[in-house]
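Below is one structure; the comments refer to it alone.
Rule-based calculations on the coordinates, nothing more; no lab input. From a predicted model like this one, the values you see are computed outputs, not experimental measurements. Ideal geometry is used to build each Cβ from the backbone, glycine not excepted, and the neighbour counts take in all protein chains shown.
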Amino acid sequence: MSDHAPNQTEANRAHFNEAASSYNNRFEKTILQIIHEIQERREWLGVDWVEDSSEDESSTSNSKGATRPVRLLDYACGTGLVSRALAPYVSQCVGIDLTEGMAAEYNKSMENQGIPASEMFAHVGNLIDPSDPSPAAFTGPEFHDFDIAAVGLGFHHFDNPALAAKRLAERLKPGGVLFIIDFQPHEHVHGHHHAAEKSVTHMGFSEVDIKKMFEEAGVGKGFEHVVVGKGIVITDKSDKMKTVTREVFMARGSKL
Ligand SMILES: C[S@@+](CC[C@H](N)C(=O)[O-])C[C@H]1O[C@@H](n2cnc3c(N)ncnc32)[C@H](O)[C@@H]1O
């Protein structure tokens with residue numbers, strides 16, 4: 001637990017609701033870079049993606065041509081970075097985000113592309129409230145038995161990432177994959193505006209810490225951790241194109 005509790009959720013809500021409408025534009029380059037890095041590692045993720053299906057082409061398919069369900073839970077989905085990266089390989093993306101603003105941006109961009117809500121839709125919610133282990137809105141089968149649950153750059157905003165790993169693991173089907181993208185340990189960089197700074201709880205994560213979280217959540221099978229290339233260049237268009245280079249890791253593990 002960080003020492004940011006108990007108002008961390010409110011700090012995140014305030015910051016990301018405010019940031020939502022400009023997020024895609026501000027971080028456009030960074031988003032495209034991370035989407036590329038995820039797609040490069042899709043085999044490594046070890047999910048039986050839709051395009052690997054050997055099923056009969058004449059069977060019923062959805063608008064993406066998927067003939068069997070392969071379902072992604074994109075947690076802390078924001079405007080939909082991870083969904084955009086993995087959409088070509090799954091039949092359905094279910095986003096969940098704490099903020100109305102981010103979920104609305106996600107849904108607006110899917111609607112603009114003519115993607116039906118049955119295939120990509122973001123809900124507003126919080127699965128990692130310690131006082132609410134099973135939020136009523138998320139008890140249905142459509143929120144369980146995922147093939148992959150992912151968090152893109154969300155862990156460093158959570159009070160308790162280990163609890164997040166556990167709660168997400170519960171949503172996976174046996175053999176399902178937990179996939180985390182976040183920062184390697186780094187120094188605290190001053191200069192972020194105040195609201196953004198308050199929304200950060202962790203200055204990155206070591207491989208040892210992440211592995212422990214996966215194991216304790218029951219998703220340690222085949223655990224792998226990679227540090228992405230030479231780092232991700234974070235360019236903020238709204239801040240005089242300020243650029244920070246951060247080392248980003250990707251970690252995956254399967255549910256036992
Ligand atoms: C840095 S953004 C990343 C968004 C997106 N995954 C991406 O990679 O662009 C962090 C996101 O985490 C969401 N968030 C923060 N705390 C959360 C929580 N407890 N539950 C769900 N989402 C949360 C924020 O609203 C925000 O959209």
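Details
- Dipole of the chain, positive direction: furthest Cα of L168, I148, G101, with charges on the beta-carbon: G101
- As a proxy for reagent exposure, R167, R41 were ordered by neighbouring Cβ count within 10 angstrom, fewest first; the result is R41, R167.
- For the residues P130, P185, P141, a GNM of the chain with alpha-carbon springs under 10 Å puts the largest fluctuation on P141.
- Inter-label distance for N112 and K29, nm, one decimal - labels placed 7 Å from Cα along Cα-to-Cβ: 2.1
- In order through the stretch 84-96: 3J(HN,Hα) via Karplus (6.51 cos²θ - 1.76 cosθ + 1.60), integer Hz, x for Gly, Pro: 4, 5, 9, 3, x, 10, 10, 8, 8, 10, 10, x, 9
- Around Q8: net Lys/Arg minus Asp/Glu count, Cβ-Cβ under 9 Å: -1
- Tensor-based shape of the stretch 125-180 (alpha-carbon gyration tensor, a/c under 1.5 rounded, otherwise prolate or oblate): oblate
- Dipole moment magnitude, nearest 20 debye, the chain about Cα centre, only Lys, Arg, Asp, Glu C-beta charged: 360
- When +1 charges are put on Lys and Arg Cβ atoms and -1 charges on Asp and Glu Cβ atoms, the dipole computed for the stretch 118-256 relative to its Cα centre reaches about 260 debye.
- Neighbour-count order for L73, L81, fewest beta carbons within 10 angstrom listed first: L81, L73
- Take the Cα of E187, step 7 Å toward its Cβ, do the same at E43, and the gap between the two points is 3.9 nm.
- Sum of -39500 (n - 2.57) over DSSP H runs of 4+, divided by residues of the chain (222 nm, nearest 500): -9000 deg cm²/dmol
- Lysines with Cα under 28 Å of K173, excluding same-chain neighbours fewer than 8 positions away: K64, K211, K212, K221, K255
- Shape class for the chain: rounded, because the ratio a/c of the largest to smallest gyration tensor axis (alpha-carbon atoms, square roots of eigenvalues) is under 1.5.
- For the stretch 183-188, Karplus couplings with θ = phi - 60° (6.51, -1.76, 1.60), whole Hz, Gly/Pro x: 8, 5, x, 8, 6, 5
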